[in-house]
Structure formats: structure tokens, C-alpha cells
1. Could you give every pair whose Cβ atoms fall below 6 Å, whose first residue belongs to segment 320-331 and is within 15 Å of THR423 (Cα to Cα), and whose second residue is outside any helix (DSSP H, G or I) and not basic (Lys, Arg), counting only separations of at least 6 or pairs across chains?
2. I'd like the full set of residues that are hydroxyl-bearing (Ser, Thr, Tyr) and surrounded by 24 or more Cβ atoms within 10 Å (Cβ to Cβ), limited to segment 135-148.
3. Any residue at all in segment 292-299 that is modelled with pLDDT of 95 or more and more than 20 Å from ARG160 (Cα to Cα)?
4. Take the residues of segment 336-355 that are surrounded by fewer than 15 Cβ atoms within 10 Å (Cβ to Cβ) and outside any helix (DSSP H, G or I): which is nearest to the chain's Cα centre (by Cα)?
5. Got a number for residues in segment 291-335 being outside any loop (DSSP other than H, G, I, E, B), surrounded by fewer than 18 Cβ atoms within 10 Å (Cβ to Cβ) and within 21 Å of the chain's Cα centre (by Cα)?
6. Sort out for me the helices (runs of 4 or more DSSP H) sitting completely within segment 171-255 that have 3 or more residues that are among the charged types (D, E, K, R) and either at negative phi or in contact with a Lys or Arg (Cβ under 9 Å, 6 or more places away or on another chain) (or both).
7. Restricting attention to segment 269-290, which residues are in a loop (DSSP other than H, G, I, E, B) and either crowded, with 16+ Cβ neighbours inside 10 Å or among the polar types (S, T, N, Q) (or both)?
8. On the given criteria, is ILE69 at pLDDT 95 or above and either surrounded by 24 or more Cβ atoms within 10 Å (Cβ to Cβ) or within 27 Å of TRP314 (Cα to Cα) (or both)?
Amino acid sequence: MLVGFVLAHECKAARRATNLLDVVRGYADTMIEHGRDTYGPQKSGLLLSALDRMTLKPLEVRPAPPGGIRRGDRPGRAWSAMNGANPHLDQNLLRILYTLTEITGEARYAKVADEELKWFFENSMSSKTGLLPWGEHLSWDVMYDQPISGGDEMMHEFARPWMLWDRCFALRPEASSKFALGLWEHQIANHKTGGFDRHALYFEHGPVDGKDFARHAGFYIGTWCYAWKYTTNDVFLSAIETLLARFERKRVQKDGSLAATIGPLDCEIAAAMVPQPLAKRLREFAAKEDELILEDLKRQLSAQGTNTYVPPKWQAGYSAGTLASSAMFCLGRYEQTRRNEYGVLIVKFADAYLNSRPEEDVDAWPMSFGHAISAEAAAYRLTKRGRYLDQARRFADMAVNLFWQDRPLPRASLKTGHYETLTGADSLALALLEVHAVTHDLTNRIPSNTIDR
């Protein structure tokens, strides 16, 4: 379906508004019935991260990638059909399954999510490093029952923060602790300075220092705080403190100026779990990050329409988010601190999308729509102004028409026809569930759409 055709019929579609809960349940039900691993010697039950939307079966050929996607990040072997299962890419889908059980009372949804976490943590972990075949490059091949890489090497790298640690420790406490320990022992090269590379060998010990991206340091801290919570093993406190100290030092630039490093979201999560004085240091670090980041976000908004670079509204890509993804950061931080500056920015980001639609030549992702929808819904909750809820609903109806069309699974982008969760189908579905909850006055808490960072 062409973007222009959908835009021309948007008003007509809005009058016959879609039942968004039915769309999300149809997506979940289809994945449960057709999208789980029943192949190869081991019937793991893992959710496949790519499927043929017409046959609802694994892809037999490798489809062209959505715009902005690299070969090595896709859920399957390089240059072959994509038969990988990657919980990192499906994390919001797992969160949706848990939420559907709460909304509908049907235990089967949460049961599937539990089964995925239990099997994956129990069976796919490297025996030498304790790392898992998930994230940016790795996945589990459901046909051959082994960990695989979309690139040339078996490299472990987080794709987004993992927000299901409470459930993982409840279901598989020993394996969860082993992974957290493996992250310290086999991802961090220097335990004194905290030096690391965002890539680490999955099969063998061999961490190096070189590309210690601050974003990933936050993900590691966000893992170790849960490990401390459930084990009280002091090694995890030492790990957090080591990386925190490293990025406290790196914050000071050569000219003496300050630059944001880790980002405050993961530090705030950790501060709520660890003891003093480390909790105080984490909160102070996060507060300083706020000052530096708020200045940059305000610049993004004020620079719209000028020659200064600002994130695009609709085209996401590798290491390139949209303006709405900045709104999701603001939402995450506002939920943690209730700082008014973040609330004001959320509304301004929502304003920027009120009259926006993707251009016809843009290969927009489901994630881009999901974040725009969630930004409008957040602005409505903050202001109670109906125009934001109306816009969230219009975007939601439009997204269903564009991505689901007449199929139960959404496509990977506006210019592709297959299902592939790397581009955020799960984040869009979560946004649809959020709009349903707001418009039906549900008291169920919908997970915040803020993990794509």
C-alpha cells in the first residue's frame, strides 16, 4: 500500500477507527501459533525475529533490508535466510505478552514469555563466557539449534537495555547471575580502569579496550544493579563503581568543558537498588547528565527549519534515531524525576509531529511511528489536551493501515513486505496498546515505550 494512498484516505480510516487491542492480540496470537521455534532437533519455543508475512513461516530467501539496516545486525546468518531468534529484538513483544495477560486475564500470553526466557537463559549461554547469543549481532538459529552471527564474527553486544531482569531472576536466578558475572569478567577488559569494547567474544575469553561506548556502560550498570539486588554479591557493586568512575573522568573534555556520557536513565535505575554511598554518586552523576542533555535537546527543537542538523522525524537507521526517540528519552527521565523541563520538552516534541507525515520516499520504520504515537499519548497525559490524543489515535490508525495492511503481522518498513523486529514492530505494537489503554480508561499499567536507546 502506497504512503500517498494511505494519506489520502486517512480521514476515512479515522472514521472507522481500528480496534487497537484486537490488532495487538492478533499479532501476539499469530506469533504464538506460527512464530515459535518448532524446527530442528530442539523445539525451543523461542519467538522468531523474522518471518514471511504471507505464509507465516520462516523466510526461505533473504529479503532486502529496510532502509538504514546493516547486514550484520539482522537476525540470521550472513547472506542467508534469516532464521534467528533474538530476545533483545523482541523485548517489547515479551513485555506486551505479560501486559496482555494482565488486561485479558489469559495466562497463556505470560506463559509464552516465561517459556522463552527460561529456555533461552538455560540453553543458549556460552559455557566459557556466560554471555548470551542476543543483541546487536547474535541470535539463536532455530533450524540448526546453535548460536549464530549476522556478521563475520561471534561478537556479543547489547542492542538496547534489558528491562526484564526481575522476571529473569525469578525464573532462572543462577543463569541470570552467571550472565551478569560474565559481563564483568568477559566484556570488561580492565577491572581497574573499567576499559572495555562494546564487542566481546561470545565463545572465548578475550575482552579488549577500545570502543567503550558510554551507552553500553549504562546497559551494563543496568544489569549489575539487578544482579546485586538478587545476589548481594559485592563484585557487582565494584563493577558499577568502576564504570561510573571511568565515565566521571571521561565527562571532562580536553578543553575543560563537560560532555554527557552514560546518560541518566540507567544510573537512576541502579541508584534505586544499590546501597549508599554509591546510590548518591549515581544520582549526582545523573543530575549532571540532565543539565548537559537538556541543553542539547532544547537546541534540537529550536534548530528545526534551519540548516543546523537535527534528528529526522521519520527515517531511523543504524546509530540514528528520530526526533520522537528524543521524546522517549525525555519521557523516561520525566517518569523517574518528574522534572518539569522534561515534561515541557515532551509536549514540544509532540507539537512537532501534529502536522507531520512521512514523505513518500522515506522508508519509515514501525519504531518511528511507535515513538511518535507514544509522544502524543504522553503529551495528552501531561496536558489533558484532546488534540494530542486525537493525533495519537490518527497515527495509530495510520500505522495499522501502513504496516499491518491485511495481514496479522506488521511489515518491517514502508518499503519492505516481510516481518523483522529489528525495526521496532514490537515498539509500535506497544504504542498501540498504550493508546487503547488511554482511550478506554484502563487502569493496567502499560510498559513505557522508552527502551529503544
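The values are calculated or read from the model by the stated rules, or taken from the named source; none is laboratory data. Computed from a prediction, not measured in an experiment: that's the story for all the values here. For neighbour counting, all protein chains shown are included, and Cβ atoms are generated from backbone atoms with ideal geometry for every residue, glycine included.
1. Listed by first residue and then by second, the contacts come to GLY321/PRO311; THR322/PRO311; THR322/PRO312; THR322/ALA316.
2. Start the filter on segment 135-148 by keeping residues that are hydroxyl-bearing (Ser, Thr, Tyr), which leaves 139, 144.
Correct list: SER139 only.
3. Here is the first cut: in segment 292-299, the ones modelled with pLDDT of 95 or more are none.
Scanning segment 292-299 turns up no residue that is modelled with pLDDT of 95 or more and more than 20 Å from ARG160 (Cα to Cα).
4. ARG338
5. Matching residues across segment 291-335 total 3.
6. Working: elements: 173-187, 214-231, 234-250.
Result: 173-187, 234-250.
7. Going through segment 269-290, the residues in a loop (DSSP other than H, G, I, E, B) turn out to be 272-277.
Result: MET273, VAL274, GLN276.
8. Details: at pLDDT 95 or above: no; either surrounded by 24 or more Cβ atoms within 10 Å (Cβ to Cβ) or within 27 Å of TRP314 (Cα to Cα) (or both): yes.
Criteria not met by ILE69.
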